[in-house]
Amino acid sequence: MKLVIADDRDHTLDSGVFLEAGSISTNEISLESSTDLKELGYEDFDFAVEGCVDGIINFRPNRILTESFEVFFEVLGTATAGADYEPLPSSIVLEPGTEQLSIPIKVFQDNITEGEETVIVRITDNGSCNKTFIDSTVLIIRENIEASAKVVVNGLLEDSIRTCSGAKVNLRGFGGLECTWKPTDFLEDPNDCNTACRPEQTMVYTLITKVGDCLDSATVKVIVDSDFEPTAETLVKLCKGQTGTLTASGGDFYVWEPADNLSCFNCPNPEFTGTESATYELIVYGNGGCSQERFTVEVEVTEGELGFEDESVFLCGAQTHTIDMRNVDSYVVTPETGIDCVDCEELVFAPTTSTVYEVTVVAGDCTQTFQVDIQVADVAIGAGEDVRACEAVNTMLGTPEITGFTYFWSPTTGLSDPNIAQPILSLDASTNNVTIAEVYTVTITSPDGSCDVVDEVLVGVDPMPQISLTAPSDTIEAGETVVLTVENYDGTGTYRWSGNNEPSTTNTLTVSPSLTTTYEVTLMTENGCEASASATVFVRAIPEVMAVTAFSPNEDQFNDVFRLTGIPQANIQQLDIYNRWGNLVYSSSNDGSFAWDGTKDGIPQPVGVYFFIATYVDVENGEEVIIKGNISLVR
């Protein structure tokens, strides 16, 4: 709006302009984007969706209209009118008393992945040429609805929850108008977007939500802790004046009652410092407090021996034997051979030969000496070396028998006896003509059960391959290449080609022989089968283009015409022959035969020397070649 005030030059202020408060507005119409679902109260749907949720543009006057008012606007954005949505007009008319006018935007399903698109509506100043934009709004168009599945955890929405078996868990589904939860196990209502479950095991629920034909899904996880196997040492023997550790494991929380003489009452491994025997009740809680188990723990405090006993142990392989020394003050081992640490909380025996140890322990006022007799297997023990063979195998597995030990082999296929140390294995790959690959496992146990060894042996047997060596063509021109391929074998192995001692893992060879050559290949399979094959590549020499030096056209059917040899006639372009005086006596341009019978216009030409010139196309490189020479005509 422009105002001009004029005043005469009498230096007296006698002109003025008065504007009513609130009578001028720079924005008579306000815009707002919405959707058909948002207008129905679904506040989350403030965006349109292709084929499911249509958009709406609301025009609202900022004053009471007393007369018709035309609003001009333009439509922009990344969405394309006519392709992505139904085109809009360029103006609307608001009638007197109109409080809001809504224009629907019909959004199309185009089945094209384009990402999020926009429709921008901007009001212009009544269609004037010099546009001033009064207000604008943006409508978002998405390709699909977006499903979201959540669980309620302490009033917050989370992707998962850890809970007790049978406890109530509230589920919330978002993104659509209709909901279906799957599976339906433990659910109160599988068709309610806001439902609840009481699972007795860990569940992953899938929410399938839709609006019209639009569909999307999301998942949420409810974890039910079920593995609860707590343990506790229920009898602890200590010497008077000795401190000891009470041990428990497998839980989330621990409560010791009473807490007397314990370093802590709510930890798994409290330190006992009492001087008298005591009894404790231990409660172990698991699964986040859903499960519990009780133990009675006795602590015996004595002034005698510490409770160690003589031991006899059989070790094999790399086995070791361990004694817990956490509740003693000190100990001495004799001899120290095979002992890595003589002051650790665990005394580990790892001798390489049979040894009798004497161990003296001290705890408080108590001292005790006991023996540990370690017997070590002095022979190899196991399944033996891997076996690889061609066609068939008949061999012994395992290692020599140790008296008193038990043996069990698995699987039993092809074994003479699965319950001995060294069974005979017999397998034949030629029966079904397929490779045999099997892992045999042996479990070896000592008489007292202290030595338990599990070992494996890999057995591979290949059938004899029947290979062949082939080429796309067995005949080539000199200078050409051909690829030789080993056929009828798809396993692994190495190839040795004639003329090359280096093994190769590829079954092809590219060759370009200058002469006819026979190639040989030898295949060695992974399991030791050897097979050979050969193929001959025949080389056809390219003939030399030649012209005879003399001919006798006497109709004796021998050398009666002159022509070029060593080239297909189709490659010859021109042949001309002249006599000694330079006169043309023959030209292929006249008859196209490229052969002279010694006549000109049907008249025999005299005996003598003639000159020829020829043009042809080389069969190898396609280039044009000219040759010249003399020819003698004799009769």
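General remarks:
- Take the conditions (1) of a type in the set (A, V, I, L, M); (2) free of Cβ contacts under 8 Å to residues at least 40 places away in the same chain; (3) open to solvent by 70 Å² or more (accessible area, probe 1.4 Å); Val255 misses just one of them, which is (3).
- Residues being more than 23 Å from Pro270 (Cα to Cα) and not aromatic (Phe, Trp, Tyr) - total across segment 323-360: 22
- Residues (under 23 Å from Gly289 (Cα atoms), of a type in the set (A, V, I, L, M, F, W, C) and touching a residue at least 24 places away in the same chain (Cβ under 8 Å)) located in segment 168-190: Val169, Leu171
- Any hit, segment 599-607, residues being out of contact with any His (no Cβ under 7 Å at 6 or more places or on another chain) and touching a residue at least 40 places away in the same chain (Cβ under 8 Å): yes
- Highlighted here are the strands (runs of 3 or more DSSP E) found entirely within segment 406-490 that include at least 1 residues which are of a type in the set (Val, Ile, Thr), over 30 Å from Leu515 (Cβ atoms) and modelled with pLDDT under 90: 436-445, 452-462.
- Gly274 small (Gly, Ala, Ser) and surrounded by 19 or more Cβ atoms within 10 Å (Cβ to Cβ): no
- Taken over segment 193-245, the criterion of being out of contact with any Leu (no Cβ under 8 Å at 6 or more places or on another chain) and of a type in the set (D, E, K, R) is satisfied by Arg198, Glu200, Asp213, Asp216, Lys221, Asp225, Asp227, Glu229, Lys240.
- Annotation: of all residues in segment 396-430 being farther than 24 Å from Thr525 by Cβ and of a type in the set (Gly, Ala, Ser), the one that is farthest from the chain's Cα centre (by Cα) is Gly404.
- Candidates in segment 372-420 are the residues that are of a type outside the set (Asp, Glu), closer than 25 Å to Ser430 by Cβ and touching a Cys at 6+ places or on another chain (Cβ under 9 Å); of these, the one that is least open to solvent (accessible area, probe 1.4 Å) is Ala389.
- When segment 517-545 is limited to residues that are over 30 Å from Arg563 (Cα atoms), of a type outside the set (D, E, K, R) and not in a strand (DSSP E or B), the one that is modelled with the lowest pLDDT turns out to be Asn527.
- Scope segment 297-306; condition open to solvent by 50 Å² or more (accessible area, probe 1.4 Å), of a type outside the set (S, T, N, Q) and modelled with pLDDT under 85; matching residues: Glu303, Glu305
- Any chance Tyr285 is open to solvent by less than 40 Å² (accessible area, probe 1.4 Å), farther than 30 Å from Pro423 by Cβ and of a type in the set (Phe, Trp, Tyr): no
- Subset tally (residues that are assigned to a strand (DSSP E or B) and in contact with a Phe, Trp or Tyr (Cβ under 7 Å, 6 or more places away or on another chain)) for segment 261-306: 10
- Annotation: of all residues in segment 495-514 being in a loop (DSSP other than H, G, I, E, B) and not small (Gly, Ala, Ser), the one that is farthest from Ser532 (Cα to Cα) is Pro513.
- Tally, over segment 307-349, of residues that are small (Gly, Ala, Ser), out of contact with any Gly (no Cβ under 8 Å at 6 or more places or on another chain) and more than 24 Å from Lys237 (Cβ to Cβ): 2
- Count of residues meeting criterion [more than 30 Å from Ser291 (Cα to Cα) and touching a Ser or Thr at 6+ places or on another chain (Cβ under 7 Å)] in segment 208-227: 4
- Hits in segment 360-371 - residues which are open to solvent by 20 Å² or more (accessible area, probe 1.4 Å), of a type in the set (S, T, N, Q) and under 22 Å from Leu238 (Cβ atoms): Thr360, Thr367, Thr369
- Within segment 558-600, considering residues that are open to solvent by less than 60 Å² (accessible area, probe 1.4 Å) and part of a helix (DSSP H, G or I), the one modelled with the highest pLDDT: Ser588
- Segment 307-332: number of residues that are in a strand (DSSP E or B) and buried (at least 16 other Cβ atoms within 10 Å of the Cβ): 7
- The listed residues are Ser91, Ser165, Ser68, Ser136, and the only one of them that is touching a residue at least 24 places away in the same chain (Cβ under 8 Å), farther than 24 Å from Lys210 by Cβ and either among the charged types (D, E, K, R) or in contact with a Lys or Arg (Cβ under 7 Å, 6 or more places away or on another chain) (or both) turns out to be Ser136.
- Looking only at segment 231-249, residues that are part of a loop (DSSP other than H, G, I, E, B), at pLDDT 90 or above and crowded, with 20+ Cβ neighbours inside 10 Å come to 1 in all.
The values are calculated or read from the model by the stated rules, or taken from the named source; none is laboratory data. Everything quoted here is computed from the prediction, not taken from an experiment. Positions of Cβ are backbone-derived with ideal geometry, glycine not excepted, and every protein chain shown enters the neighbour counts. Protein only, heavy atoms only, side chains kept; ligands, DNA and RNA dropped before computing areas. Shrake-Rupley method; radii C 1.70, N 1.55, O 1.52, S 1.80 Å.
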